[in-house]
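The values are calculated or read from the model by the stated rules, or taken from the named source; none is laboratory data. Bear in mind that the values here come from a model prediction, so they are computed numbers and not experimental data. Counting neighbours? That spans all protein chains shown, and the Cβs are built from the backbone with ideal geometry, glycine included.
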Amino acid sequence: MKFSFKSISAAIQVAAVFNEMYRGTPLTIKALSDETGLSVSYLEQMFSRFRTSGIVRSVRGLGGGYHLEKRDLTVSDVIRSVSAGKIDFLEPVFVALENVKISEIKAVV
């Protein structure tokens, strides 16, 4: 997954959709792909970073998918997870975005 403002925007949107769809049972990448229109392979790359940063937890096998691990997910959490430390110069922006919850973002698909 290439880092860009487009990828940041997509990650925030996917996190908002995931947050709206999540009901305590695993969500599949396919279901998120169908809902967002993003490719399965792109979402797999994104969720790999989400998993590494502790935003989601994966469950393998039949009935598997992703669980939301971080309940009060913020825009800052999402950007940090997909940027992989490449934009430290934006730290003041991250601090401000720590107060913006993903649950407050309207998912636009």
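Listed conditions (1) surrounded by fewer than 19 Cβ atoms within 10 Å (Cβ to Cβ); (2) under 15 Å from Ile8 (Cβ atoms); (3) touching a residue at least 40 places away in the same chain (Cβ under 8 Å) are all met by Lys106, apart from (2). On the basis of being modelled with pLDDT under 90 and within 14 Å of the chain's Cα centre (by Cα), does Ile105 make the cut? When the stated conditions are applied, Ile105 passes them.
Criterion first (touching a strand residue (DSSP E or B) at 6+ places or on another chain (Cβ under 9 Å) and in contact (Cβ under 8 Å) with a residue 40 or more places away in the chain) does Leu32 satisfy it? Here the answer is no, as Leu32 does not meet what is asked.
Considering only the range 57-71, I want to know if a residue exists there that is aliphatic (A, V, I, L, M) and touching a helix residue (DSSP H, G or I) at 6+ places or on another chain (Cβ under 6 Å).
no
Does any residue of the range 82-91 turn out to be at pLDDT 85 or above and on the phi < 0 side of the Ramachandran plot? Checked against the condition, which is being at pLDDT 85 or above and on the phi < 0 side of the Ramachandran plot, the range 82-91 yields at least one hit.
Here is the figure for the range 44-98: residues that are farther than 15 Å from Ile12 by Cβ and out of contact with any strand residue (DSSP E or B) (no Cβ under 8 Å at 6 or more places or on another chain) total 18.
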